[in-house]
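**Student:** Dropping the structure in here first, questions after.
Throughout, read-outs are computed from the coordinates displayed, never taken from laboratory work. Note that the structure is a prediction, hence the values are computed from the model and not measured. In this analysis, Cβ positions are derived from the backbone assuming ideal geometry, glycine residues included, and neighbour counts consider all displayed protein chains.
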Amino acid sequence: MLIEVGILFTSYVGVRFYEKYNRAKKKSSDETVKKGQSLQKKKCIIKQDQLPQLVKHEVNEQNPLLYKMSLASMGLAAIRQFIYPPIGLLSLGFYIYTALPYMKYVEKSLRKDRKVNVDVLFFIGDTLTLAISQYFTASVGVFLIHSGKIALEKTRDSSKEMIVNFFEQQPRKVWVFIEDVEIETPLEDVKVNDIVIVHTGEVIPIDGIIVKGMATIDQHALTGEFQPAEKIVGDQVFASTVMMSGKLSIKVEKSGEDTTISKIAQVLKHSTDFKSSIQLKGEKWADKSTLPMVLMSGLMLPILGAQSTVVFINSHIGNRIRVLAPMVTLNHILLASHKGILVKDGRVIEILEQVDTILFDKTGTLTNEEPEVGQIIVSDIYTEIELLTLAAATERKFTHPIARAILNKANELNLTLPDIDDSKYHIGYGITVKLDNKTIKIGSTRFIIKEGIVIPERIKEMQDNSHNQGYSLVLVAINDKVSGAIELKPQIREEVKKTISDLRCQGIKFMAIVSGDHKEPTKRLAEELNMDDYFYDTLPENKAQIVELLQKEGKSVCFVGDGINDTIAMKKANVSISLRGASTIASDTAGVILMDGNMSHLCELIDISKRLHGRLQSTLKYTIIPGVINLVGAFFLHYGILFSILISATFASIGMKNVYLPLKEIPHPKETNGTDSSKMSDKSS
């Protein structure tokens with residue numbers, strides 16, 4: 001009845017005047033307090049600063065209450081309309097209580113935004129429904145509005161909760177090693193360079209470097225890799241990873257909000273705020289069609305009546321697209337994060353589906369930064385094993401890539417290395433050491449020549465041959481005579497060949513290497529990996545030019561690099577992916593970081609992107625189809641308002657099921673951690 005519509009609007013006006021009166025009264029009270037003592041003034045200011053947070057908290061807390069009250073309103077309206085009409089006043093009271101917050105959105109749109117949006121359109125429909133005494137249907141309309149809002153809010157909240165659960169709960173207190181004693185300390189009091197002790201079953205609370213001990217650590221929360229990692233002295237560990245066995249003393253590098261896990265949570269929060277192009281497209285359609293639908297509703301009302309007019313209004317896609325599209329996108333970003341793929345820019349996961357071209361940086365991306373030993377060349381009385389033993393002993397105390405490559409080869413052959421005293425080392429362009437009666441010099445050609453040592457022709461020939469293949473030689477001179485050389489060649493990442501093959505199967509049409517290295521080694525690697533092209537002698541700024549050139553040819557380009565010297569190219573590319581891992585979260589310009597540096601996740605990311613595209617398309621269908629049905633219903637079938645709402649709700653439910661499918665692929669934390677937080681050892685017990 002129109003009288004009930006009048007009561008609704010009168011109630012709203014009364015509430016708004018009451019709120020305005022309260023604000024004026026509070027403002028007057030605050031001004032009085034400001035004239036008082038300075039201490040009181042300070043207290044007042046603190047209270048005012050806290051006010052926005054309190055108001056925001058109240059709004060968030062109000063949504064579940066409104067949901068429950070709208071459910072109760074729907075039940076009372078059903079009783080009123082179909083069983084016991086005398087409870088009409090009580091039913092109307094519940095309806096008004098649930099409709100008032102929605103009316104605020106409508107007022108904001110009309111007065112502040114000066115825009116006729118979806119909220120205005122559906123409020124018109126619900127008001128018409130109330131005016132023709134369809135109390136139950138009107139209550140259902142308000143219930144669906146609140147349930148849609150709370151569904152989206154619950155998805156965001158549960159997503160945040162999943163992130164927290166997946167990354168494990170940080171302990172509130174930790175054991176810090178102070179003056180040879182382990183002291184239990186609040187986590188917030190831990191400082192950089194403190195030594196934290198972590199035992200079996202505990203969650204590592206900080207980012208740091210192991211200074212004592214060895215352990216097996218479950219890092220899947222960070223990298224997506226379920227294979228436990230073995231860590232020793234000198235290795236880096238990260239907060240929220242779990243100690244499966246062992247005991248560690250860890251020197252703190254980062255704690256609290258500075259840890260890698262905290263940065264991941266911040267990045268995920270940022271990346272989930274974006275709107276997909278399909279959502280934007282749907283909202284654009286909704287915005288453009290809203291005002292015409294309002295005008296058409298005005299024309300339809302006297303001709304077809306209120307009922308058909310409301311059915312026509314219910315054909316609008318606005319609310320459905322606003323709820324379903326962000327939920328499906330959010331869940332795919334979460335799925336990626338649980339596979340060790342950090343999506344820093346939410347747009348990437350959608351754009352990646354369109355990529356047809358991938359450019360790979362060479363060193364650190366396709367090849368390991370650390371080379372491997374190839375052939376060992378001897379030109380004197382020493383055998384290959386003897387030469388490698390002396391070279392490894394000389395390089396033993398160094399950690400640069402060449403030293404590690406030589407030492408790895410020695411370890412592979414189980415060689416026993418003699419000890420060399422620190423005082424016998426001399427470091428310049430190369431290394432000189434004294435061992436027994438030998439003076440050993442290891443280094444480049446430049447170093448050996450500078451030392452006045454003649455390089456044999458055979459070594460020079462081998463050097464030229466190695467250089468043409470993209471390899472390098474480390475010369476070994478004993479007692480001022482070149483006794484041989486060790487060939488170092490780039491080591492292709494073990495997962496690269498399969499990844500390239502899988503990318504072909506996923507529809508990537510063009511792949512190429514972009515390298516600062518010379519032509520021959522770049523060409524050889526491109527042929528070995530079955531690339532379509534290669535670019536050599538490329539400076540960082542020229543990499544961006546290559547990206548632009550391919551884009552001008554109509555290609556959608558993804559650049560995969562190490563996130564440091566590829567920054568310019570990454571910014572130009574449609575999609576940029578870094579393999580540098582957890583250490584570059586804050587500084588890396590890439591839109592996506594593969595947390596464990598394993599390129600095979602690239603295929604998983606593209607697969608997630610394609611599935612997201614498919615689900616967004618189907619989500620759009622689930623929002624359009626009920627609209628088309630209701631349009632037919634409004635003009636030809638003339639069915640009831642409640643039936644039109646049920647059609648929309650049915651397709652929304654199907655869409656919601658589609659939305660939650662990605663979450664089924666995410667294992668529960670207790671299934672993957674290998675430990676339960678309740679089982680974590682307590683030092684004090």
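**Student:** Under a crude label model (7 Å from the Cα following the beta-carbon direction), how far is Lys251 from Leu299 in nanometres?
**Tutor:** Placing both labels 7 Å along Cα→Cβ, they lie 7.8 nm apart.
**Student:** Label-point separation (nm) for Glu457 and Lys434, each offset 7 Å from Cα along Cα-to-Cβ?
**Tutor:** Here the answer is 3.7 nm between the modelled labels.
**Student:** Turning to a different aspect of this structure: One quarter of the convex hull surface, Cα atoms only: what value does that give for segment 372-489 in nm²?
**Tutor:** 6.7
**Student:** Separate question: Pairs Lys108/Lys344; Lys552/Lys621; Lys173/Lys247: which are spaced more than 26 Å apart, C-alpha to C-alpha?
**Tutor:** Lys108/Lys344; Lys552/Lys621
**Student:** How far apart, in nanometres, would the label points at Gln506 and Leu291 be if each is projected 7 angstrom from Cα along the Cα-to-Cβ direction?
**Tutor:** Roughly 4.4 nm, to one decimal.
**Student:** Here is the link list: Lys339/Lys519; Lys450/Lys543; Lys572/Lys610; Lys397/Lys450; Lys498/Lys555. Which ones come out longer than 31 Å on Cα distance? Please list the in-between numbers first.
**Tutor:** Values: Lys339/Lys519 36 Å; Lys450/Lys543 36 Å; Lys572/Lys610 23 Å; Lys397/Lys450 23 Å; Lys498/Lys555 24 Å.
Beyond 31 Å: Lys339/Lys519; Lys450/Lys543.
**Student:** Taking all pairs of distinct Cα atoms, average 1/r, flip it, and tell me the Kirkwood hydrodynamic radius of segment 293-440 in Å to one decimal place.
**Tutor:** Numbers: mean 1/r = 0.0439 Å⁻¹.
The answer is 22.8 Å.
**Student:** Mind checking the full-extension length gain between Thr10 and Asn22? Use 0.36 nm per residue of separation minus the Cα-Cα distance, one decimal, nm. Let's see the in-between values first.
**Tutor:** Working: separation 12, 0.36 × 12 = 4.32 nm, distance 1.84 nm.
Result: 2.5 nm gained on full extension.
**Student:** Can you give the net charge of the other residues whose Cβ lies under 14 Å from the Cβ of Gln506, counting K and R as +1 and D and E as -1?
**Tutor:** Working: positive: Lys498, Arg504, Lys509, Lys610, Arg611; negative: Glu353, Asp356, Asp502, Glu604, Asp607.
Surrounding charge for Gln506 is 0.
**Student:** Place the peptides 489-501, 137-149 in order of packing, highest mean first, counting for every residue the other Cβ atoms within 10 Å and averaging per peptide.
**Tutor:** 137-149, 489-501
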